[in-house]
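Okay, so here's the structure we're looking at.
Rule-based calculations on the coordinates, nothing more; no lab input. These numbers come from a predicted model, not from an experiment. Virtual Cβ from ideal backbone geometry, glycine too; neighbours counted across all protein chains shown.
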Amino acid sequence: MGLITNLQSVHQSNNSEKLKIAVVKAANEDVLKSIKRGIEEGIIEPVLIDDESKLKVLMKQLTIDLEKVEIIDQADDKKAAEKGVELARNKKVDALMKGFIGTGNILRPVVNKETGIRSSALLSHVAVIFVPKLNRFVAITDGGMVVEPDKEQLKTIVEHGIEVMKSIDVKKPKAAILSASENVMSKSNASVWSSELTEEMQSDDYIVEGPISLDLSLIPDIAEEKNYSGKIQGDADIIVTPDIVSGNSLSKSLTLFGGAEMAGLIIGATVPIILTSRASSSDEKYASILLAQHVMNQKQNG
C-alpha cells in the first residue's frame, strides 16, 4: 500500500467531512486531475479560481462535471490569490490549494498583516512521505519555507510537524531533530538548540529528541547495533532538519531514488495550504488534498 491508500484508510477510520477547497489558478491539467479524483471520491467541494473559459475547456477535456464545482472567473495571479485568501478568511473554504502559480504569489496575501490568515508567527512546510523500505509515514520538515531557522522557529517547526502527524492518527509522535551525530557539536547552533529543545519540549503527548543522526532516527537495527539509549530507537515519525537545503534534499532523495511518495502542506495559517511543485504529479497533489482534509478535520474536531 502506498501513500494515497494509507491516507485514504485514515480518512475512512476518521469519517472525515468533505473539504471545501479554494484552488488558486486551477487551469492546469494535473491540478484538475487531482480535483476530479477528489470529486469522484466524494471528499471535496472545490472552488476553482482562474480564467473561466480556460477552466471550462480543460474540464470538458477531463470530463469534470461543471455542476460539482464553483468557478470564480479571475485570471490575474495577484487577484486570484487574494480571492482565495478572502474565502479562507471568511470561512467559506477549509483549505487553500496552490495551482499553476508561483509560491510567493499565493503566500503574499496569506501573510498580509491586515487581511491575511496567519494563525502562527511562522509558516512552515511539512512533507509527509510514505517510505516503502519502512512501510510507514515519515514527516520531513522544513524543506520548503524556512531557510535557516533560529531556535524559536525550530520549536515552531517541530510543533507544526506534530500537529500534522497527529491528524493522521499517530498518537504520540516522535520528532527527531536531525544532525550529523547524536553528540552535541558546539560549533553548530542547530545541534546545540536541538539539545536544549529536547529538555524544554518534554511532554506526555509527544517525544522530541536531538541531536540525532538519520540512521538512528529511522532504522531500529542501527539504533540497537550502536547501543543508542535515546527515546527514539529508529522509530521517528518526524525528521526535523536544521535548514531548508537538508530538508529539501532529504525529501527529494527519498522520492527520486527511494520510491517514496510525498504530500506537502504549509502549516501556520487558519487553514492548511496545499503546496506542491508546479511540476508535481496529479497523484502528489491528490495525496496533499487528503492530508489537508485530515489536518482540517483535526482543527475542527479537536
Practice task
With +1 on each Lys and Arg Cβ and -1 on each Asp and Glu Cβ, and nothing else charged, work out how big the dipole of segment 126-257 is about its Cα centre, in Debye to the nearest 20.
Solution key: 340
Exercise for the section: Compute the FRET efficiency between residue 103 and residue 301 as 1/(1 + (r/R0)^6), taking r as their Cβ-Cβ distance and R0 = 45 Å, and round to the nearest 0.05. Expected result: 0.95
Practice task
Starting with the fewest neighbours, write out 52, 200, 163 ranked by other beta-carbon atoms found within 10 Å of each beta-carbon.
Solution key: 200, 52, 163
Completion exercise
Against the 2.2 N^0.38 Å rule of thumb, the C-alpha Rg of segment 196-302 sits at a ratio of 1.25
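Tell me what the chain gives for mean residue ellipticity at 222 nm when only DSSP H runs of n ≥ 4 count, each as -39,500 (n - 2.57), the sum divided by the residue total, rounded to 500 deg cm²/dmol.
-13000 deg cm²/dmol
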Fill in the blank from the handout: Quick P(r) readout (segment 126-257; Cα-Cα; 10 Å bins; whole %) gives 13, 49, 35, 3
Completion exercise
Checked against the positive end of the charge dipole of segment 133-269 (+1 on Cβ of Lys and Arg, -1 on Cβ of Asp and Glu, about the Cα centre), the farthest of 249, 238, 158 is 249
Fill in the blank from the handout: Here the alpha-carbon Rg of the chain over 2.2 N^0.38 Å rounds to 1.00
